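Any read-out appearing in this document is the output of simple, stated calculations on the displayed coordinates, not a laboratory observation. What you are looking at is a predicted structure, and each value in this text was computed from that prediction instead of being measured. So basically every Cβ, Gly included, is an ideal-geometry build from the backbone, and we count neighbours across all protein chains shown.
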There are 2 protein chains.
Amino acid sequence: MSGHSEDDLVSVLRRILSGDAPGVFLGPGDDAALVEMGPHLGILTVDMMVEDVHFDRRLVSPHDLGYKAVAVNVSDVAAMGGSPRYGLVALAIPADLPASWVVELYGGIREGADAYAMAVVGGDTSRAERIVVSVTVTGEVSRGAAVTRSGASPGDRIVVTGALGASAAGLRLATAPPAEVAALVSTDWGRDLVASHTRPVARVGEGQALASAGATAMIDVSDGLAMDLGRLCRESGVGVRLSLASLPVAPGVREVADAFRLDALAIALGGGEDYELLATLPEDAVEPAAERLEDRFATALTQIGVITEGPDLVAVGADGERQLEPLGWDHFAG
Amino acid sequence: MSGHSEDDLVSVLRRILSGDAPGVFLGPGDDAALVEMGPHLGILTVDMMVEDVHFDRRLVSPHDLGYKAVAVNVSDVAAMGGSPRYGLVALAIPADLPASWVVELYGGIREGADAYAMAVVGGDTSRAERIVVSVTVTGEVSRGAAVTRSGASPGDRIVVTGALGASAAGLRLATAPPAEVAALVSTDWGRDLVASHTRPVARVGEGQALASAGATAMIDVSDGLAMDLGRLCRESGVGVRLSLASLPVAPGVREVADAFRLDALAIALGGGEDYELLATLPEDAVEPAAERLEDRFATALTQIGVITEGPDLVAVGADGERQLEPLGWDHFAG
């Protein structure tokens with residue numbers, strides 16, 4: 001960004017982000033944004049993406065990175081049963097990063113915000129040796145409609161939206177030497193797997209439908225099913241019997257697993273970044289909820305287990321039962 | 001943070017941040033926080049502090065850094081005439097950083113939040129090679145009471161709270177070899193200067209008093225008076241005649257300037273990080289506003305110039321007039 005002052009950059013970014021949005025009294029460019037908050041409960045969440053920890057600048061386009069930085073936050077709002085409203089972007093960039101990279105990043109942020117009917121209303125820009133993108137999203141949810149991680153009861157069924165393992169398998173395809181995976185990437189499911197990693201979808205409508213269908217607890221699958229299910233159970237003070245045969249493994253994950261001599265089930269359990277919703281529902285609410293998600297969003301809802309008194313987390317497979325290890329993406333694990 | 005999982009760390013941080021706070025339905029630990037927003041306009045702001053850009057880990061205590069990360073955001077809320085309510089902390093840390101450092105940082109964040117009657121309701125933790133602390137603050141302001149940067153009119157008087165240059169002079173003292181500045185640092189004003197840098201005060205009450213006194217525009221002095229005054233004038237489409245003789249230079253700044261062969265006025269104009277409020281007021285509102293700030297907060301309010309049709313930014317000194325250069329802390333300038 002040599003030769004560009006902070007004010008110059010902010011001025012460019014304001015133009016990318018500008019546009020009338022409901023409820024925005026004052027957008028980017030002042031000390032702070034002024035927004036209409038509405039009568040509902042506010043939802044607040046933040047996610048930070050760090051170069052060489054969460055992404056590799058050589059492997060992801062700035063546009064996709066911006067889109068994803070929005071989507072992962074929206075997914076947290078979706079997991080509360082809410083709707084996103086406003087976003088803030090704090091960005092740190094190296095001095096030698098081309099201005100075009102930042103402009104493309106903001107293009108992706110803008111597209112992500114538009115996709116979820118959100119307005120990006122402010123931010124902060126700074127220098128750093130490695131790129132850091134920290135996005136804050138505020139949302140709202142009606143009083144009484146919010147779903148936390150802590151409400152699951154024994155007997156509740158565990159359900160998950162969509163399919164698992166796609167993002168982790170897509171990351172494998174995206175980071176392998178192109179010659180090795182050309183045949184896989186050229187398939188429809190190969191392209192879908194890569195897109196699942198680079199452009200994840202936040203299940204906003206599905207989250208609200210699950211909330212109104214009576215979800216007792218909900219979390220988004222960001223760090224892997226096993227780890228996030230473990231968190232839900234710990235916060236609810238319950239255990240689980242997870243049926244491994246029921247796990248919806250995304251199309252192509254088995255082929256990628258075979259190609260890399262990995263276990264497809266391990267990818268589905270621990271891959272992370274799926275951004276599917278994992279929820280608990282009373283037994284009689286599962287069927288109506290599944291129908292509603294299929295009808296409204298063409299999204300599958302799969303029952304994958306049952307909540308127990310606990311505290312054990314048990315995975316039931318063809319070869320018997322075992323403790324479910326909370327393996328997955330841990331930002332501090334070595 | 002070797003040997004600590006993200007969940008372990010989050011669990012420790014939750015205990016530091018916990019405490020009943022008005023309006024917090026669900027604090028740290030879920031996908032997102034749930035908060036009461038109230039009927040007023042929402043204020044949203046974020047500031048990112050990057051190691052070796054904004055701070056040097058060897059020179060600042062993690063406690064002070066945490067406190068400051070909150071205060072600089074609260075200052076942005078104050079500059080809108082609002083009150084802070086909730087905070088989110090996104091933190092990236094190197095793998096070898098002691099856990100005690102993070103715990104102390106959160107202690108400072110907690111103290112800063114308590115000082116401004118805010119609740120820290122969530123966040124995100126990640127790895128990075130250099131420490132990054134990104135704090136988001138939400139606040140509120142009554143409809144019609146918000147003060148932006150863009151409302152100044154020709155004839156309005158420019159006022160500034162407190163005194164200028166203290167933080168920059170304090171930084172000089174804090175970073176110089178101790179033997180060189182021992183005599184300066186041991187004075188009352190020397191300690192005050194260092195404290196101005198490490199523990200800045202956000203002028204929340206003063207901002208609200210200025211808003212109700214009829215402030216037409218307001219900005220906090222974060223990047224230096226000259227630069228922030230330039231921003232206010234540009235957003236308002238006006239110019240300014242700044243009286244250099246009127247600038248309230250903080251006690252000790254002249255002594256520090258002499259010791260380092262610097263110009264005290266340049267420090268006051270371009271030092272940055274003062275977090276004083278710079279506002280414009282109609283002429284007849286200055287005296288009542290100054291009395292109110294003195295009575296309620298024991299904070300000085302000094303008239304330092306007058307808004308003109310512009311577009312020139314003119315500094316009037318003993319040696320005549322000159323263009324005011326918008327020099328100050330630019331996060332991208334070399």
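Across peptide B:72-79, the average count of Cβ atoms from other chains found within 10 Å of a residue's Cβ is 2. Judged by the gyration tensor of its Cα atoms, with axes a ≥ b ≥ c, the stretch A:46-118 is prolate; a/c meets the 1.5 cut and a/b is the larger of a/b and b/c.
In chain A, the longest principal axis of the Cα atoms and the axis of helix A:6-17 are about 60 degrees apart. The shape of the stretch A:179-332 comes out oblate: with a ≥ b ≥ c from the C-alpha gyration tensor, a/c is at least 1.5 while a/b does not beat b/c. Using only side-chain charges placed at the Cβ, +1 for Lys and Arg and -1 for Asp and Glu, the dipole size of the protein assembly as shown relative to its Cα centre rounds to 60 debye. Here the Gaussian network model covers chain B, with springs between Cα atoms less than 10 Å apart; of B:Gly123, B:Gly272, B:Gly38, B:Gly38 fluctuates the most. Tell me, what is the percent relative contact order of the stretch A:215-331, built from C-alpha pairs under 8 Å that lie six or more residues apart? So the answer I get is 45 percent. Each residue of the stretch A:152-164 was assigned a 3J(HN,Hα) from its phi angle through the Karplus expression (A = 6.51, B = -1.76, C = 1.60, θ = phi - 60°), giving 6, 10, x, x, 4, 8, 9, 10, 9, 7, x, 9, 10 Hz with x at Gly and Pro. Each Lys or Arg adds one and each Asp or Glu takes one away; over the other residues whose Cβ falls under 12 Å from the Cβ of A:Ile109, this sums to -2.
For B:Ala298, the distances from its label point to the matching points in the remaining copies are 6.8 nm, ordered from shortest, with each point set 7 Å beyond Cα toward Cβ. Couplings for the stretch B:167-182, taken from phi via the Karplus curve 6.51 cos²θ - 1.76 cosθ + 1.60 with θ = phi - 60°, read 5, 5, 5, x, 4, 4, 5, 6, 9, 6, x, x, 4, 6, 10, 3 Hz in order; Gly and Pro are left as x. In this structure the amide hydrogen of B:Leu324, modeled in the peptide plane, comes within under 5 Å of the amide hydrogens of B:Leu313, B:Val314, B:Ala315, none closer than 5 places in sequence on its chain.
Counting charges near B:Leu293 (Lys, Arg +1; Asp, Glu -1) among other residues having Cβ under 13 Å from its Cβ returns a value of -3. B:Thr148 sits among other residues whose Cβ lies under 13 Å from its own Cβ, and their net charge, with Lys and Arg +1 and Asp and Glu -1, is -2. Where the centre of each part is set by its Cα atoms, how far does the stretch A:135-157 sit from the stretch A:15-64, in angstrom? Centre-to-centre distance over Cα atoms comes out at 22 Å. What number, in percent, do you get for the relative contact order of the stretch B:6-141 if the mean sequence gap of Cα pairs under 8 Å and at least 6 apart is divided by its residue count? So the answer I get is 38 percent.
Let me make sure I get this right: for the stretch B:106-198, a, b and c are the square roots of the gyration tensor eigenvalues over alpha carbons, sorted descending. Under 1.5 in a/c it's rounded, otherwise prolate if a/b > b/c, else oblate. Which is it? Because a/c hits 1.5 or more and a/b fails to exceed b/c, the stretch B:106-198 counts as oblate. For the peptide A:50-57, the mean number of other protein chain Cβ atoms found within 10 angstrom of a residue's Cβ is 3. Percent of Cα pairs in the stretch B:6-141 per distance bin of 5 Å, from zero to the largest separation: 2, 10, 22, 25, 20, 12, 6, 2, 0, 0. Largest GNM mean-square fluctuation across B:Asp319, B:Asp284, B:Asp64, computed for chain B with C-alpha springs under 10 Å, falls on B:Asp319.
Considering only A:Met48, A:Met227, A:Met118, the mean-square fluctuation computed in a Gaussian network model of chain A, springs between alpha carbons under 10 angstrom, is largest for A:Met48.
Over 20 Å intervals from 0, what percent of Cα-Cα pairs in chain B sits in each interval? Going from the shortest bin to the longest, the percentages are 31, 56, 13, 0.
A simple charge model with +1 on the Cβ of Lys and Arg, -1 on the Cβ of Asp and Glu and nothing else charged puts the dipole of chain B at about 100 debye relative to its Cα centre. If the Kirkwood radius is taken over C-alpha pairs of the protein assembly as shown, then at 25 °C and 0.890 mPa s the Stokes-Einstein diffusion coefficient equals 94 µm²/s. Our summary gives chain A a relative contact order of 21 percent, counting only alpha carbon pairs under 8 angstrom and 6 or more residues apart. Distances between equivalent label points of A:Pro177 across the copies, with each point positioned 7 Å along Cα→Cβ, amount to 5.5 nm, shortest listed first.
Across the identical copies, the label point of A:Phe25 (7 Å from Cα in the Cβ direction) is separated from its matches by 2.2 nm, in order from shortest.
Think of each Lys and Arg Cβ as +1 and each Asp and Glu Cβ as -1; about the Cα centre, that makes the dipole of the stretch B:157-323 roughly 280 debye.
If exposed means no more than 11 neighbouring beta carbons inside 10 Å and the site is in a DSSP loop, what's the longest run of chain A without any exposed trypsin sites (Lys or Arg not before Pro)? Maximal segment without exposed cleavage sites: A:144-260.
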